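The next block holds one structure in the form of structure tokens; read it before the comments.
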Amino acid sequence: GECSLSTVGCGPNITSPCNGHGICLSMSNLAQYFVDSNGNPSPQEYGKIPNDPATWDADRIFGCHCDEGYEGYDCSLRSCLHGDDPNSAETIQELCSNHGICNHHTGECNCLDGWGSSDGAGNVGTINDCGYRLPISILPKKGNRVKKKYIYKPT
């Protein structure tokens, strides 16, 4: 059979490779877009040495380089925000600050209980990255039992 870019790794949609949210590139070209774990550009060379058995696929296997805001092998998933986890000793950009679940249909973080939007530095803010620990207020309940309730208190 005949191969085309869309049938060798750029998603099942033949008329719109990468679901219309990216470009289909060879492994060799994709290596130029490599980024490190903090999102910093770190271009790599792949397949530059002729007849190297380790990189035989450099110009034979294709994949998607997704537009900003999209991800996945075929660019079909919406990206969620990354932020610094305030519980971490290091400054590493984690998906939903490691305190939320990414909804890949909407591209929004659904924060876990006790976490909310931050300013990107662990303080309260408007960035929906789940990087702000919400203040905890202890409210009395009938009887001697106490119920924890998370209440947002603007500063």
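Only the coordinates and a few stated rules stand behind these numbers; no lab work does. Values in this document were obtained by computation on a predicted structure and should not be read as measured data. Ideal geometry is used to build each Cβ from the backbone, glycine not excepted, and the neighbour counts take in all protein chains shown.
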task: Kindly indicate the residue of the stretch 11-41 that is within 19 Å of the chain's Cα centre (by Cα) and of a type in the set (A, V, I, L, M, F, W, C) and also surrounded by the most Cβ atoms within 10 Å (Cβ to Cβ) among those meeting that condition.
output: C18
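Let's see how each residue does on (1) under 30 Å from S118 (Cα atoms); (2) among the hydrophobic types (A, V, I, L, M, F, W, C); (3) out of contact with any Pro (no Cβ under 9 Å at 6 or more places or on another chain); (4) not in a helix (DSSP H, G or I):
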site	(1), (2), (3), (4)
I23	no, yes, no, yes
S28	no, no, yes, no
N38	yes, no, yes, yes
A58	no, yes, yes, yes
E68	yes, no, yes, yes
G83	yes, no, yes, yes
S97	yes, no, no, no
I101	yes, yes, yes, yes
message: Against the definition (within 13 Å of the chain's Cα centre (by Cα) and in contact (Cβ under 8 Å) with a residue 40 or more places away in the chain), how does Y132 come out, yes or no?
response: no
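Just give me the residues in the stretch 56-92 being of a type in the set (S, T, N, Q) and either buried (at least 17 other Cβ atoms within 10 Å of the Cβ) or under 27 Å from S26 (Cα atoms) (or both), in sequence order.
Filtering the stretch 56-92 down to residues of a type in the set (S, T, N, Q) leaves 76, 79, 87-88, 91.
S76, S79, listed by residue number.
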